[in-house]
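Okay, so here's the structure we're looking at.
The values are calculated or read from the model by the stated rules, or taken from the named source; none is laboratory data. All values derive from a computational prediction rather than experimental measurement. A quick note on method: Cβ atoms are made from the backbone with ideal geometry, for glycine too, and the neighbour counts reach across all protein chains shown.
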Amino acid sequence: MGMYGLREVRNTLVHLGGIASRTGCAILCIGHFTKARTKAKHRGLGNQDVYNSIPSVLNLGTVGNTHIMVHNKSNFLDTGASMAFTLQGGFRWIGEYDMTADELVSAKNPNRRKKRDEAKVFLEEQLADGAMEQNEIDDLAKEQGIKYGTLRRAADELGVECFQERRKWWWRLG
């Protein structure tokens with residue numbers, strides 16, 4: 001199937017819609033971004049009809065060692081919060097992540113860079129004397145106005161090690 005021909009795309013989508021309707025299943029389409037520097041909704045490979053016809057679109061990308069899933073589009077409700085996970089030491093959910101689809105596909109965002117630099121300084125100060133319990137770091141960061149996702153990106157860039165000891169998670173500078 002050619003993903004650029006309007007007729008082929010529409011015929012395929014109608015066929016998939018029929019399968020979903022008959023079986024009551026959901027259809028998951030996996031695509032890739034183009035290298036074009038444009039908004040996330042225009043970066044999918046193939047015809048724009050694919051994006052327009054799908055009721056919900058999730059994008060997956062990485063920042064350092066953190067994988068971020070961003071809800072790019074929803075036809076029925078507001079888009080959900082971005083969520084993150086890491087594969088270091090096995091699969092582990094990080095939780096909500098402060099990033100939009102356009103920020104995910106764009107490497108540049110000076111405001112995020114400044115906030116991340118502030119978070120890195122915070123982490124260096126907190127971990128200067130050794131390991132600290134992760135929950136305590138999260139609480140102190142929240143008091144300082146540092147968002148959860150920003151703290152995680154800063155930790156990734158600093159090479160902060162996360163380990164479990166005595167049934168608690170700890171962080172230390174790597």
Failed condition for ALA119, given (1) closer than 17 Å to ASN65 by Cα; (2) out of contact with any Leu (no Cβ under 6 Å at 6 or more places or on another chain); (3) hydrophobic (A, V, I, L, M, F, W, C), with all others met?
(2)
Within segment 41-62, can you find the residues that are under 21 Å from the mean Cα position of the chain (by Cα), modelled with pLDDT under 80 and aliphatic (A, V, I, L, M)?
LEU45, ILE54
